[in-house]
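The values are calculated or read from the model by the stated rules, or taken from the named source; none is laboratory data. Note that the coordinates shown come from a computational prediction; the quantities given were computed from them, not determined experimentally. Counting neighbours? That spans all protein chains shown, and the Cβs are built from the backbone with ideal geometry, glycine included. Please note that ligands, DNA and RNA were not included when accessible areas were found on the heavy atoms of the full protein model with its side chains. Shrake-Rupley method; radii C 1.70, N 1.55, O 1.52, S 1.80 Å.
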Amino acid sequence: KIQSIVGRKERSLEKFTVSPSGDVIAFVGNDGYIIMVDGKSRQWIGDLKMNGSVRAITFSEDGEYIMGSGSDGDVYKWNVRSRRCVERFHNEDGTITSSLAATSNFLAVGSESGVVNLYTEKYSR
């Protein structure tokens with residue numbers, strides 16, 4: 001159990017995803033932040049920032065990338081090690097994202113409108 005994260009003001013850390021190896025836990029934070037915590041020590045290791053609020057996050061199947069999306073309708077893809085955004089694209093539906101799921105070949109992006117878009121391996125059009 002993680003009580004709180006030093007330097008963060010979130011009162012609730014209910015939405016999260018764990019990397020396939022268990023090395024990283026990513027929490028949905030406030031104000032467009034994804035908070036990354038070491039899976040073993042439970043210590044903060046970094047933040048990822050996107051425009052709009054974060055609504056959904058998922059790791060790639062190999063754990064090398066984390067994808068996030070939210071209120072702006074854009075999908076972001078970051079390299080976990082470097083914490084750099086390596087890709088950003090607008091979800092075809094364009095509404096608020098409610099869920100993400102990734103496999104080695106596809107990324108499914110579900111929106112609040114009920115539409116689910118499926119993107120190929122590179123996760124863009």
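Could you please find all residues in segment 59-117 being in contact (Cβ under 8 Å) with a residue 40 or more places away in the chain, assigned to a loop (DSSP other than H, G, I, E, B) and not hydrophobic (A, V, I, L, M, F, W, C)? The answer is Ser60, Glu61, Asp62, Gly63, Arg83, Thr103, Ser104. Which ones in segment 5-32 are open to solvent by 80 Å² or more (accessible area, probe 1.4 Å) and modelled with pLDDT under 75? Across segment 5-32, the qualifying residues are Val6, Lys9, Arg11. Checking each residue in segment 55-85 for being at pLDDT 95 or above and of a type in the set (Val, Ile, Thr) picks out Ile57, Thr58, Ile66, Val80. Considering segment 92-125, the residues that are of a type in the set (Val, Ile, Thr), open to solvent by 40 Å² or more (accessible area, probe 1.4 Å) and under 20 Å from Ala26 (Cβ atoms) include one that is modelled with the highest pLDDT, namely Thr103. Would you check if there is a residue in segment 71-91 being over 14 Å from the mean Cα position of the chain (by Cα), open to solvent by 40 Å² or more (accessible area, probe 1.4 Å) and under 27 Å from Gly114 (Cβ atoms)? Yes, that holds for at least one residue.
Every condition in (1) over 21 Å from Ala102 (Cα atoms); (2) open to solvent by 10 Å² or more (accessible area, probe 1.4 Å); (3) not aliphatic (A, V, I, L, M) holds for Gly46 except the one numbered (2). For segment 49-59, the set of residues classified as buried (at least 19 other Cβ atoms within 10 Å of the Cβ) and not β-branched (Val, Ile, Thr) consists of Met50, Arg55, Ala56, Phe59, listed by residue number.
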